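This report concerns only the one structure given below.
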Ligand code: DOR
Ligand code: ZN
């Protein structure tokens, strides 16, 4: 048995413990002391559950000039992510059972970490035929990929989702609230797709949700948080927590829904600290520097973030701005619960997906270290704590900060 030692986040607190890992990569023993045929002692480094990122765009198939599965999942692992939920706006988009099966084939043997795949049905009929998809995505407004649906289709999809009991993740912006302004910078983009568009879409959802299990993607501001339908869960992205319209990123900082003002960003941190945010999800949406090297109004929306989400938040945790329990809850245990997958917790019988991190080892974010295919990060130079070892089912996928295994990820079934 392999034994991994360190200061383990176990049942809500840190404790010096040994984890015994079975042949099939599960946590088989949790003890003060354990002997094994292979022992790895991480000293006083923290051992946390591997992160579950509910929202990534790995661009494979069809958009692999931006990212692909080997590169994107390697980057995810560098940032401590051991499970991703992959969005359906690849090319072709995952709108049917056949296209879902094709995406499963695209992933097979090419992902460094475990994964769940979303589908984007465009009708009630399509949702019932998507038997194998674990969860769905619905776009109420246009963004990368032509997957926007109208209120009639969305009502049908909500009905279908309620019948199947599967999760539906909603991109909640109401296009009727969009304004026609000349977009020269990030503030203009936020005016063009205002906060009111989020609140309006969320009010519509509150009255139309029925019994569907709904999760709200990328909430950008407190006004939108206030409008999240009761019983629904929500996520916030690291870019809405760490960047705002005062940034000098220009077109690189263009994303949907948009970055908001510095005051909105501060208020979002307060909401996070008071436990109002279920999950942090990266919405990793890479575009190449060439694609972003155009005026803001012409640039594609989206920015990369899967490798920096946990490290940026770990740094803030070390600084005392958020508690370790909130960090682990928002990056691992809650997202796993929302998806209905047995991940995100260090517990007997669970997969040994683990991050080993020394919170004192802060580094500046450098694009090169993240290994994105797109080659850039909007968080360049910010301080972060990267994990030095990451285990997937007990085997290192990152060792001493470097990729150590590829292609071992598995497709996960949801409850
Ligand atoms: O900015 C965005 N980019 N928002 C989305 O909803 C999609 C994403 C992408 O895929 O590029
Ligand atoms: Zn997205």
Unmet criterion (only one of (1) away from ligand 1 (no atom under 15 Å from the Cβ); (2) within 22 Å of residue 232 (Cα to Cα)) for residue 136: (1)
Conditions (1) away from ligand 2 (no atom under 16 Å from the Cβ); (2) part of a strand (DSSP E or B); (3) surrounded by 16 or more Cβ atoms within 10 Å (Cβ to Cβ); number of the one not met by residue 64: (2)
Single residue of the stretch 288-310 satisfying the filter (more than 14 Å from ligand 1 (Cβ to nearest atom), assigned to a helix (DSSP H, G or I) and touching a helix residue (DSSP H, G or I) at 6+ places or on another chain (Cβ under 7 Å)) that is farthest from residue 65 (Cα to Cα): 310
Hits in the stretch 147-158 (condition: part of a loop (DSSP other than H, G, I, E, B), in contact with a strand residue (DSSP E or B) (Cβ under 7 Å, 6 or more places away or on another chain) and away from ligand 2 (no atom under 14 Å from the Cβ)): 149
Residue list for the stretch 272-287, restricted to those being under 15 Å from residue 234 (Cβ atoms) and outside any loop (DSSP other than H, G, I, E, B): 272, 279, 280
Candidate set from the stretch 295-306 (those that are within 16 Å of ligand 2 (Cβ to nearest atom) and farther than 15 Å from residue 190 by Cα); member that is surrounded by the fewest Cβ atoms within 10 Å (Cβ to Cβ): 303
Pick from the stretch 108-130, criterion surrounded by fewer than 20 Cβ atoms within 10 Å (Cβ to Cβ) and under 30 Å from residue 395 (Cβ atoms), ranking: nearest to ligand 2 (Cβ to nearest atom): 110
Qualifying residue in the stretch 131-142 (condition: within 14 Å of ligand 2 (Cβ to nearest atom) and out of contact with any helix residue (DSSP H, G or I) (no Cβ under 8 Å at 6 or more places or on another chain)): yes
Matching entry among 106, 95, 83 (being in a strand (DSSP E or B) and either modelled with pLDDT of 95 or more or touching a helix residue (DSSP H, G or I) at 6+ places or on another chain (Cβ under 8 Å) (or both)): 83
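Results for (1) in contact (Cβ under 8 Å) with a residue 40 or more places away in the chain; (2) on the phi > 0 side of the Ramachandran plot; (3) not in a loop (DSSP other than H, G, I, E, B), shown as yes or no for each residue.
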{"position": "111", "(1), (2), (3)": "yes, no, no"}
{"position": "121", "(1), (2), (3)": "no, no, no"}
{"position": "126", "(1), (2), (3)": "no, no, yes"}
{"position": "132", "(1), (2), (3)": "no, no, no"}
{"position": "138", "(1), (2), (3)": "no, no, yes"}
{"position": "142", "(1), (2), (3)": "no, no, no"}
{"position": "145", "(1), (2), (3)": "yes, yes, no"}
Test set (1) crowded, with 20+ Cβ neighbours inside 10 Å; (2) touching a residue at least 60 places away in the same chain (Cβ under 8 Å); (3) at negative phi - residue 291 fails condition number: (1)
Given (1) within 16 Å of ligand 2 (Cβ to nearest atom); (2) surrounded by fewer than 19 Cβ atoms within 10 Å (Cβ to Cβ), number of the condition residue 94 does not satisfy: (2)
Test: residue in the stretch 179-192 that is within 21 Å of residue 281 (Cβ to Cβ) and away from ligand 1 (no atom under 15 Å from the Cβ): no
Qualifying residue in the stretch 67-79 (condition: in a loop (DSSP other than H, G, I, E, B) and either at pLDDT below 95 or within 16 Å of ligand 1 (Cβ to nearest atom) (or both)): yes
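The values are calculated or read from the model by the stated rules, or taken from the named source; none is laboratory data. No experiment lies behind these values; they were computed from the predicted model shown. Here the Cβ is made from the backbone with ideal geometry for all residues, glycine too, and neighbour counts use every protein chain on show.
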